[in-house]
Amino acid sequence: MEILDGKKISSDIKDEIAVEVAQLKAKGEKVPHLAAVIVGNDGASKTYVGAKVKACNFVGFESTLIEFPEDTTEAELLAKIEELNTNDVIDGYIVQLPLPKHIDEHKVLLAVDATKDVDGFHPVNVGRMALELPTFLPATPYGIMELLERYNVPTLGKNVVVIGRSHIVGRPMSILMSQRRAAGDATVTVAHSKTENLKELTLNADIIVVALGVAEFLKGDMIKEGVTIIDVGITRIEDASKKRGFRLAGDVDYESVAPKSSFITPVPGGVGPMTIAMLLKNTLLARSRHMENEK
Ligand code: NAD
């Protein structure tokens, strides 16, 4: 069993990006600038956004964190988005999800300028991804593809089961792995909450991407020997023995699954750090595209 070490690979990627930023600086070019918008006080969201800003600082990007209170109106948020769209200093930005219930998430994502949509959530970028055109790939699936590629996990012709069909993880993951690309060329099945024969599917899978958000859902008796496991889930479980009062659990029952697998991502230290690294990669891409347009 080999660990797919997202912490290490993401650190390698950040080092690679830092080198590129240093080269930009040396040439007197503008460095990439990422903005992150967060609405409300969700603890996990705040942690994620904080980690993204920290990563920007590490690689030498400029960053701006825009924090709105929970009762911010949709109109106020849309006004900020318009401002970010027209501000030439900002190369890319993200609106941290989930948004409070009174704000229409789709309306907000549609308002983001597709050339600054480094999360890859805008319909234009989702469409470009589906058509295999150059675009910003959504960071979590992009990170998983990168991990599979850097560890040379065989995917060509393999049976992949993706558990979960969300727009940000499961769906794009299934599209990317079925495409003719590195870490692609697989035969992909998408399972979801209405799937009736999940165990039958997972027992037949060579690779399982687990992204449903149910702690320790995938058990050892649901998989075959030698499977590759990508655990996307992050759930906070109350744990009084921890200083912060909780521990993080993945969607995979690591104890029973790891011994049977050939490759597996841990939680934490697997997919999570890769997501941040790929967001930085997208921001670097946004800067280089803007630079092309400025010529
Ligand atoms: P989501 O809630 O939007 O979607 C969950 C999906 O799981 C749905 O499509 C649903 O049909 C499916 N599902 C639910 N119960 C099921 C069942 N019993 N059997 C089969 N399918 C079932 O979730 P999401 O936004 O894709 O996130 C999934 C998990 O991944 C969460 O724990 C989230 O915190 C985590 N996540 C991690 C990262 C990261 O960077 N590591 C990024 C995004 C999300």
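Readers should treat all values here as calculations from the given coordinates under stated rules, not as data from a laboratory. Values in this document were obtained by computation on a predicted structure and should not be read as measured data. Note that each Cβ is placed from the backbone with ideal geometry, even for glycine, and that neighbours are counted across all protein chains shown.
Computed over the chain with a Gaussian network model linking Cα atoms closer than 10 Å, the most mobile of Gly170, Gly127, Gly184 is Gly127. Here the peptides 118-125, 4-11 are ranked by packing, the mean other Cβ count within 10 Å, and the order with the highest first is 118-125, 4-11.
Put a plus charge on the Cβ of each Lys and Arg, a minus charge on the Cβ of each Asp and Glu, and nothing anywhere else: the dipole of the chain about its Cα centre is then about 420 debye.
Would you mind telling me which residue in Lys243, Lys116, Lys199 has the biggest mean-square fluctuation in a Gaussian network model of the chain, where springs connect alpha carbons within a distance under 10 angstrom? Maximum fluctuation in the GNM of the chain, among the listed residues, is at Lys243.
Computed over the chain with a Gaussian network model linking Cα atoms closer than 10 Å, the most mobile of Ala44, Ala249, Ala26 is Ala26. Placing dummy labels 7 Å off each Cα toward the beta-carbon, the span from Asn87 to Glu16 is 3.0 nm.
Near the amide H of Ser166, within less than 5 Å, lie the amide hydrogens of Arg171, all on another chain or at least 5 residues away, with H placed in the peptide plane. Close amide H pairs (under 5 Å, H built 1.01 Å from N) link Phe246 with Asp239, residues at least 5 positions away or on another chain.
Its alpha carbons considered, the chain gives a radius of gyration followed by a Dmax of 19.2, 58 Å.
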